[in-house]
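The next block holds one structure in the form of structure tokens; read it before the comments.
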Amino acid sequence: MNLSLLGSPHSSLSKMQLLFVALAVTILTYLLISTLLGIFRAVRSPLQKIPGPWYAPLTTFHLRYLFSTGEIWKLVQRSHTKYGPICRLGPRHVWVSHKESLKQILSTIDLPKVAMYAEISRDRTSPGLFGEIRFHPHKRLKRFFSPAFTVGYVDNLEAVFKGVMRDLLQTYATLLAGNTSTLEGVQTDLMDDLHKVALDICDSMGESSFSKGFGQVKPNEPSGDPQMDETWKSVPRAIFDGLADRYKYVYVKRFLRRIGFNVEFDWPKQMIMAIDSIVRQRSDEKQHSPDLLQHLIENGKRPDNEEAMNSRDILDQMSEILLAGSETTSGTIACLFLELARNPRVRAKLLSSLPAIRHDDIDNIIVSKTVRDSEDFQYLEACIKENLRLHPIASEMGRRTGDQWINLMGYDLPPHTVVSASYRDLHRNEKYWPDALSFIPERWLPDNERGDYPAAEIDDHLYDQE
């Protein structure tokens, strides 16, 4: 009788219940011990002298939640306003917006990246240039990719850039031609348009790297394989969704790994097949383009063991570059157009400073080299710099102290302290930037052309430190 009961469904259910109870007890015990250790460390921590909210020494739950939702910058902004240029927002988490200290963090001392960067990568043992936090592997990756990020390399891709821009302008011309009203224009989602442009040309991706664009601005011609065409078009969305999931669940992954569960976010199978077919095609060709993809195929090595990269490794590298390049490019340009819409004085001055080109002259697109070399675009460059000051590519850079103590703003920070450089707050600090929240491109003009507008604090605009 007892033996039959042991094998009954009710017995199995009881075992499952016991398993869940054991798991719940384990998690609660872990949380309790973590909380008690947090309180003990908070009392003894040398960071207790740094101003911040009362709960900061006790928990990181608020930081993890705000990080996963992308709204941590709001807490940082409020905290700097309330507590000053240095504040403590977690047990070992400090944010700094002090001028000289940011130079120490990003340049003089050059603190290493926090571990979170590696967690965003598919394979944290072999991340891309953005996610690599180890000194020597990062140095190898940086040296490997450096030829693809020179001004000369980008200038050689101007034909690709002009082609995509020509397609976008042709789309606008078609929309305008089909508009029957003489009083009203046409509506378009500029942010979406800019995003499509960036996807097809930015960072040597799309057409210049894979021998075909992603078909975002102008749909690709059918290849005869509808499934492959649809897969190829979905590559950018799959990359963004995959990286967004890793970003969102970075702390969940770390917690599960601590209790024995390793969670990975791989790329969709069809997407891997699409990229793999391009890689194999490029590998078999004797004549090929000297672009970033070919560089990875012929010379790419994993940063952890220096073995040759396979298709998935190459996809990892290109995906990080695509995300880092397209999102930042489209977002920054969209912010520039937003500021021009908000500031009619600046918009009128900028338009009057630019060479007159017919709206339908889409074959004579001005390239970046012309902008750099000609004085006709001085005010345009000033607008771009002022836009980057107000809307930096990211609000902060996460760093950590190594095995040694460091001193910032008179505070001694122990090893393994997370130190975030809040350069967005510095860019908007009235101490360094008079009328800091106003869009004033004249800050960046030479003294004899600035007029009565305040000069830029060149030493303080740190968005180009990384």
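What follows is calculated from the coordinates using simple rules that are stated; it is not laboratory data. Fair warning: this is a prediction, and the values are worked out from it, not measured in the lab. A quick note on method: Cβ atoms are made from the backbone with ideal geometry, for glycine too, and the neighbour counts reach across all protein chains shown.
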What pairs from Lys49/Lys385; Lys49/Lys99; Lys49/Lys142; Lys113/Lys253 go past 29 Å between their alpha carbons?
Lys49/Lys385; Lys49/Lys142
Of the peptides 70-82, 157-169, how do they stack up when ordered by the mean number of other Cβ atoms within 10 Å, highest first?
157-169, 70-82
Taking a straight Cα-to-Cα line shorter than 19 Å from Lys74, and setting aside same-chain lysines fewer than 8 residues away, one finds Lys82, Lys248
What is the local net charge at Ser395, summed over the other residues whose Cβ is closer than 12 Å to its Cβ (Lys, Arg +1; Asp, Glu -1)?
0
